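Participant: So that we are looking at the same thing, I have put the structure below in structure tokens.
The values are calculated or read from the model by the stated rules, or taken from the named source; none is laboratory data. Quick caveat: nothing in here was measured; it's all calculated off a predicted structure. With ideal geometry, Cβ positions are generated from the backbone for all residues, glycine too; neighbour counts draw on all protein chains shown.
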Amino acid sequence: MNLLTFNPFRTLGIPGVSYIKPDHMFKRIQDIRASDVLLFPENWQVNSLVYGLQKNIFPSIQSIQLGFDKIEMTRAFWSLSQDLTPYTEIRGRSKESIQLILDTFPFPFVAKEARSSMGKGVFLIQNEKDFLTYCEKNEVLYVQEYLPIEKDLRVVYVGDSVISAYWRIGDNSFHNNVAQGGKLSFHSIPSEAIELVEKTAKALGINHAGFDLVQANGKFYFLEFNCLFGNHALNQQGIRVENFIYDYVKSQFNPVVPPTNPFKQIS
């Protein structure tokens, strides 16, 4: 099978993969047309690849496009059930919206930028000044109730199943992300969280994501998911994500298994 990747670091170890730089997409259009599956395109590429060229891609277009924007991601969760997320308001930046949020949310509450990861772009709003500073920098206001938690749960979903789950425990700070200093625990993973991720991923067509959940009020809530999640915890567990990707691509697109070839770059 002819596999092309736009992200060589995400596909190391997958046999028979050639590399095209994303910026060379239209220079190498014939190679793309001849491919069977395109791996890890960037968000700006997927509409042309899927709708224009009608190509198979991995991750799915839902994984890439919903994972690119927290607002669209949250609305997708809401399409299944508004109970999947903490109470959230998404509003345009107007005086009326700012006042509504200040009247609705007690301090502290959480404000987020639409496009961010690794705990960046997520702010604990302690007072009105904090919120107005956030509003000055964001045209769309994404505000969420604050849940006092000490840890969150990362559940990694690849292909059509969960391949790993672990707690991220904060160090007396607002962020629990590993990139922000959070510690890992692989023990006592609740089965209900795994089942919720599997059900939600299938419903939304997600096939490559790290889902972040919190437990509060006797249930689990989604905070977000990241299509390009970190592999630090998976490496500690000895899990090679590329093996799961390759097995899924083979089963999904029914390819002839290619021979193992040296990594080849198309420049």
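Participant: Kindly check whether there is at least one residue in segment 57-65 that is farther than 28 Å from ASN138 by Cβ and surrounded by fewer than 18 Cβ atoms within 10 Å (Cβ to Cβ).
Facilitator: Among the residues of segment 57-65, not one is farther than 28 Å from ASN138 by Cβ and surrounded by fewer than 18 Cβ atoms within 10 Å (Cβ to Cβ), which makes the answer no.
Participant: Output the residues belonging to segment 22-61 that are on the phi > 0 side of the Ramachandran plot and under 23 Å from the mean Cα position of the chain (by Cα).
Facilitator: PHE40
Participant: What number of residues within segment 54-69 are farther than 30 Å from GLN30 by Cβ and either modelled with pLDDT of 95 or more or among the aliphatic types (A, V, I, L, M) (or both)?
Facilitator: 1
Participant: Separate question: Can you tell me which residue within segment 223-248, out of those that are touching a residue at least 24 places away in the same chain (Cβ under 8 Å) and among the small types (Gly, Ala, Ser), is nearest to THR200 (Cα to Cα)?
Facilitator: Across segment 223-248, the extreme among qualifying residues is GLY230.
Participant: When the residues of segment 72-97 are narrowed to those that are assigned to a helix (DSSP H, G or I) and either buried (at least 17 other Cβ atoms within 10 Å of the Cβ) or of a type in the set (S, T, N, Q) (or both), which ends up nearest to the chain's Cα centre (by Cα)?
Facilitator: So the residue we want is MET73.
Participant: Right, next: Collect the residues in segment 98-121 that are outside any loop (DSSP other than H, G, I, E, B) and either exposed (fewer than 12 other Cβ atoms within 10 Å of the Cβ) or in contact with a helix residue (DSSP H, G or I) (Cβ under 9 Å, 6 or more places away or on another chain) (or both), keeping them in residue-number order.
Facilitator: If we filter segment 98-121 for residues that are outside any loop (DSSP other than H, G, I, E, B), which is where we start, we get 98-104, 109-112.
The answer is ILE98, GLN99, ILE101, LEU102, ASP103, PHE109, ALA111, LYS112.
Participant: Filter segment 12-41 for residues that are of a type in the set (Asp, Glu) and loosely packed, with under 15 Cβ neighbours inside 10 Å and give the result.
Facilitator: Going residue by residue through segment 12-41, those that are of a type in the set (Asp, Glu) are 23, 31, 36.
Of everything in segment 12-41, just one residue is of a type in the set (Asp, Glu) and loosely packed, with under 15 Cβ neighbours inside 10 Å, namely ASP23.
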